[in-house]
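As structure tokens, the structure follows; a few thoughts come after it.
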Amino acid sequence: MGLLLSRLKQLELGSGSNFDNFGNMETNENFEKTSIKFPDLEEIPTELSLKILKYLNATDLCLAACVWSSLANDDTLWQGLCRSTWGYLTVYEKSFEAKKNFRRIFMLLDEATLTFNVDWKKGLDYLFEKELLENNPMEIAKFINSTQKLSSEQKKKLFNENKQVLENVIILHNFENQFLPTALRKLFIKVEAHSERTPNLSFLVEKFSKQFCSCNPQLGLNEDTVYIICFSLIILSVDLSNPAIKNKMSKREFIKNTRNALPDLNPDFTGHLYDNVYLNGSIATFQRKNENLVAIQ
């Protein structure tokens, strides 16, 4: 500890001498010989320099540009940052033809994201105005589906007003060979569940049921069956996760209740549904107005 304090004191005082590992004084010349310096990226192969810089985020890359302007402003670095943050945009397909600068595109996308998270309409209008995204439901859905940067609350407002975008977000999901509760969880990661049964939640589950059946025809389940099972899973999730509910639904009760609605459903399959929710957790996250998470994680 004494040696460490001595070194810190030397740095603070700006002395021309330093201490060696034994606490002895050494000159600046000897100290410079033994100290490790970060290499000048302009003195090593460009490919290696870009490999190092690609691990930086946008803020650090801008700072690096103050030292290594040509390297840190390389278009491939900024293109990688754009695609890793926003996986899909119409401009990606047109950037080479228009010779657009990906650093500029990143800054525009960052501004668009901040705007979207305050007001989704203004955010999308900004993307359209800057010709970053085409104004059609599928393009909007691809954009939303490709990034984690957008506000869940604003996405919910968008989906409430534009059902075509919501339907396309669901269509973009591939639920092939996925167990039904797992597929439903995957959807609710992208589309936040509503805190109560509303026409919007019914629409969401309806479109999910259609897509799930389309991806898994070998299961022999029809859309109505999957629709009913989904709401059974939502009710089960609330029951098992809500601390206000003292008497939790048992496996036998879940099988009995589901069988009342779907008499032909295999009880072993229904039992596996219960086990999945009981062991792996609920299928979504409901959020109340006070922002306290309840019922589904």
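For the reader, a short list of remarks on this structure follows.
- Test set (1) modelled with pLDDT of 95 or more; (2) surrounded by 15 or more Cβ atoms within 10 Å (Cβ to Cβ); (3) closer than 20 Å to N168 by Cα - S214 fails condition number: (2)
- The single residue among S202, S195 that is outside any loop (DSSP other than H, G, I, E, B) and at pLDDT below 95 turns out to be S202.
- Counting residues in the stretch 169-181 that are buried (at least 20 other Cβ atoms within 10 Å of the Cβ) and not in a helix (DSSP H, G or I) gives one or more.
- When the stretch 230-249 is filtered for residues that are open to solvent by less than 80 Å² (accessible area, probe 1.4 Å) and under 19 Å from E206 (Cβ atoms), the ones remaining, listed by number, are C230, F231, S232, L233, I234, S237.
- Of all residues in the stretch 250-273 being open to solvent by less than 30 Å² (accessible area, probe 1.4 Å) and over 33 Å from the mean Cα position of the chain (by Cα), the one that is farthest from L201 (Cα to Cα): L265
- Pairs where the first residue, in the stretch 269-281, is outside any helix (DSSP H, G or I) and the second is open to solvent by 50 Å² or more (accessible area, probe 1.4 Å), C-beta under 8 Å, 6+ apart: G281/Q297
- Long-range neighbours under 7 Å by Cβ, at least six apart or interchain, first residue closer than 16 Å to L273 by Cβ and without any contact (Cβ under 8 Å) to a residue 24 or more places away in the chain within the stretch 237-251, second among the acidic types (D, E) and open to solvent by less than 40 Å² (accessible area, probe 1.4 Å): K248/D239; M249/D239
- Segments classed as helices (runs of 4 or more DSSP H), wholly inside the stretch 87-137, with at least 2 members that are over 23 Å from L61 (Cβ atoms) and at pLDDT 95 or above: 120-129
- Answer residue from the stretch 144-168, given it is closer than 30 Å to T270 by Cα and touching a residue at least 40 places away in the same chain (Cβ under 8 Å) and is most open to solvent (accessible area, probe 1.4 Å) among those: E167
- Among the candidates A141, A65, A72, A112, residue that is of a type in the set (G, A, S), surrounded by 19 or more Cβ atoms within 10 Å (Cβ to Cβ) and farther than 30 Å from F188 by Cβ: A72
The values are calculated or read from the model by the stated rules, or taken from the named source; none is laboratory data. It should be emphasised that the depicted structure is a prediction, and the values quoted were computed from it without experimental measurement. Every residue, glycine as well, gets a Cβ built from its backbone with ideal geometry; the counts of neighbours run over all protein chains shown. Side chains included, ligands, DNA and RNA excluded: accessible areas come from the protein's heavy atoms. Shrake-Rupley method; radii C 1.70, N 1.55, O 1.52, S 1.80 Å.
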